[in-house]
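Just below is one structure, and these are the notes that go with it.
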Amino acid sequence: MIDACGWEIIKERPKFLGTIAPHRRRLESVFGYSSTCVPSILSGRWPDEHHNWCYFIHDPENSPFRRLRWLRWLPKALTSRRIVRRHLTKVVKWALGFKGYFDLYNIPFHHIHLFDFTEKKSPLQPRGMNRGPNVFDLLVQKGVPYFVTDPSLSEPVNRDRLLADIEDERIDFAFQYWAGLDGLLHRVGNLSPEIDIKLTEYEKWISETMTAAKKHYREVNLFVFSDHGMANCDQHLDLRSQIDALGLRIGKDYNVVYDSTMARFWFFNDEAREKITHVLQGVPEGRIMPEDELRKFRAYFEDGRFGEIIFLVREGVLIVPSHMGERPIRAMHGYHPYDPQSYATLFSNTAAIPEDITHIPHIHRLMEKAMERTETTKSASSSVHALAA
């Protein structure tokens, strides 16, 4: 999996993986960020099924962050610095025993006790979903030896770990997850010459992996895919100042998470709902997502757990300042699934990909099929190994 390697990024690069994995296809992503996309790929289910959607939600009763409120007395000039937040994130993650991806981002410490965090477990591990199983539960159940990326290690280290497992023939299945392109695109945008350098590096790594696998395994099935693309952010929206101007109180009248491309609101009285809704309806850079559209994309939650109103901006607009950061970044994802830069990609060394593999949750079916081939061949006393990258 190459995070953020969207269809719009690779469609003009026909040589990328042209020899190793010549069969390519555009896939529709899901509505949300990587916090949604990765669990959807690993489970084969949709956000309203697995409940891994956005990270922060309003839930003061179950908030694990109450002990952090004292940090509100520190100067904002210090606590808003990214390096300070990184160090605090590591300490808090360890103290709370979180196993998945975790970042404090720019959630204000004055209100942090109002929030819960939804990815306490790692979707890259068995029993790592909020609801239901994932591919690693299935691998354990079937007794298939496998490799999975360790997010705490660098991409080159994970590359070498996989090569070692292949050369020692310790595995039948691998899930390699590279996030470096995503970070690069956030920083430089989707038109930078640095993209070709990074893709060339990935192609070299994949080629080395395939060469090693073919030396040790009779059959090697390769699937290279992404979760979404990346849109350049050429317009900034200070939505927070428009809401703050209403004079309503967070925690008393409403609560909100300002993500990079959407704002999610909870209301505690009718006045707050009416005033905030009125403001949002007058913001030309975005719109309130209607219930029927959220249901269509399987991102509607009856209990309003992730927000009673979801305000989504147009592709290319960045909400800044936001709870994700005080300063602009060059590019972002998490827009409408039908926006051009939202589409994901799928490459393979086999043409036998069913036509109904059209959305990123369907990648799970390919992983299931790989396991079935392994089981079938093993039962016939052969040695076939499935490799998913």
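Mind listing P(r) for the chain? All alpha-carbon pairs, 20 Å bins, whole percents.
27, 56, 16, 1
So, for segment 1-151, what is the accessible surface per residue at a probe of 1.4 Å, expressed in square angstrom?
Details: 6890 Å² over 151 residues.
Per residue, segment 1-151 has 46 Å² of solvent-accessible surface.
Can you tell me the FRET efficiency between S241 and R67 if r is taken as the Cβ-Cβ distance and R0 is 35 Å, rounded to the nearest 0.05?
Details: r = 30 Å, r/R0 = 0.86.
So the FRET efficiency works out to roughly 0.70.
Just to confirm, what accessible area per residue do you get for segment 205-250 at 1.4 Å probe, in whole Å²? Mind showing how you got there, number by number?
Numbers: 2000 Å² over 46 residues.
In whole numbers, segment 205-250 has 43 Å² accessible per residue.
Cross-link candidates for K275: which lysines have Cα within less than 26 Å, leaving aside residues fewer than 8 places away along the same chain?
Straight-distance partners of K275: K252.
Sorting M324, M210 by accessible area (1.4 Å probe), largest first, what list results?
On the way: M324 55, M210 10 Å².
Most to least solvent-accessible, the answer reads M324, M210.
Return the tail of the calculated pair distribution for segment 65-211, meaning the percent of Cα-Cα pairs more than 22 Å apart. Provide the component values of the computation, followed by the final result.
Working: 6132 of 10731 pairs.
Of the Cα pairs, 57 percent sit more than 22 Å apart.
With the full set of protein chains in place, find how many percent of the accessible area of the chain is carbon and sulfur; take the probe as 1.4 Å. If you can, show how the numbers build up before the last one.
On the way: 8790 of 17090 Å².
Looking at the chain in its full context, I get 51 percent from C and S.
The values are calculated or read from the model by the stated rules, or taken from the named source; none is laboratory data. For clarity, every value in this text was computed on a predicted model and none was experimentally measured. Heads up, the Cβs are rebuilt from the backbone with ideal geometry, glycines too, and the neighbour counts pull from every protein chain shown. Please note that ligands, DNA and RNA were not included when accessible areas were found on the heavy atoms of the full protein model with its side chains. Shrake-Rupley method; radii C 1.70, N 1.55, O 1.52, S 1.80 Å.
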